[in-house]
Amino acid sequence: MTEETTTGSGAGTPETRRVRVVLVDDHRMFRTGVQAEIGETARTGVEVVGEAADVDQAVTVITATRPEVVLLDVHLPGGGGVEVLRRCAPLMSAAEHPVRFLALSVSDAAEDVIGVIRGGARGYVTKTITGTDLVNSVFRVQDGDAVFSPRLAGFVLDAFASTDAPPVDEDLDRLTQREREVLRLIARGYAYKEIAKQLFISVKTVESHVSAVLRKLQLSNRHELTRWATARRLV
């Protein structure tokens, strides 16, 4: 499925430009796929100069390579994409050669989008994006433009247009980022095997996350879980 992006002007042309990129994602197979899709420098203009699977690795690689753009997953071991942004803040604000971040995630949840944008990312696209659109998005972020999938841009506009802080949901705060991700997919009607495939985890791991969610929220089954998530507009 082709995913269009909403951006400003100033897109680069791979034929005449180059952009150095670091891939940050905790799934090696996904990093390999992205590398194969966009990393053929002669064709795309994108040079992948480093990879990382967790927060500590990401900070180390980004600091060492100083890429123009980092493709950053939201959910990472060690604190998530927001923690990477926090620890790389000096690199983002550098007067010369700033490092810019583009979130690339399976999640399309409003809280994930808003969290990384507040952390300093220049945009957010989901993993349904095509290779061609991703290359274009990378060049636009290099230029300093903001890049979003159309629906996700609305989350950001709504969040920053409001002066009221979002209400605290103590039940939701009990869940880890990965548990929230599984919760949303369960509530959307996905089977365990489908969730495992989409999140690059095992079915057994999905079952463990669902059990943890049910226990923390004091729910009995996935039907109650779906009602709970729907009531909070998490689906």
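The values are calculated or read from the model by the stated rules, or taken from the named source; none is laboratory data. Note that the coordinates shown come from a computational prediction; the quantities given were computed from them, not determined experimentally. Virtual Cβ from ideal backbone geometry, glycine too; neighbours counted across all protein chains shown. These accessible areas exclude ligands, DNA and RNA; they are computed on the full protein's heavy atoms, side chains included. Shrake-Rupley method; radii C 1.70, N 1.55, O 1.52, S 1.80 Å.
Filtered by the rule that a residue be open to solvent by 20 Å² or more (accessible area, probe 1.4 Å) and part of a helix (DSSP H, G or I), segment 35-58 gives Gln35, Ala36, Glu37, Thr41, Ala42, Arg43, Asp56, Gln57.
Within segment 93-105, being open to solvent by 40 Å² or more (accessible area, probe 1.4 Å) and either among the aliphatic types (A, V, I, L, M) or out of contact with any Lys or Arg (no Cβ under 9 Å at 6 or more places or on another chain) (or both) holds for Ser93, Ala95, Glu96. The residues in segment 205-235 that are assigned to a helix (DSSP H, G or I), free of Cβ contacts under 8 Å to residues at least 24 places away in the same chain and either in contact with a Phe, Trp or Tyr (Cβ under 9 Å, 6 or more places away or on another chain) or among the polar types (S, T, N, Q) (or both) can be counted, and the count is 4. Listed by first and then second residue, the pairs linking a residue in segment 180-195 that is under 15 Å from Ala212 (Cβ atoms) to a residue that is of a type in the set (Ser, Thr, Tyr) and not in a helix (DSSP H, G or I), with Cβ atoms under 7 Å apart and 6 or more places separating them unless they lie on different chains, are Glu181/Ser107.
The set of residues in segment 185-226 being surrounded by fewer than 14 Cβ atoms within 10 Å (Cβ to Cβ) and either in contact with a Pro (Cβ under 7 Å, 6 or more places away or on another chain) or small (Gly, Ala, Ser) (or both) consists of Gly189, Ala191, Ser202, Ser211, Ser220. Considering segment 70-88, the residues that are assigned to a helix (DSSP H, G or I) and open to solvent by 40 Å² or more (accessible area, probe 1.4 Å) include one that is farthest from Asp143 (Cα to Cα), namely Glu83.
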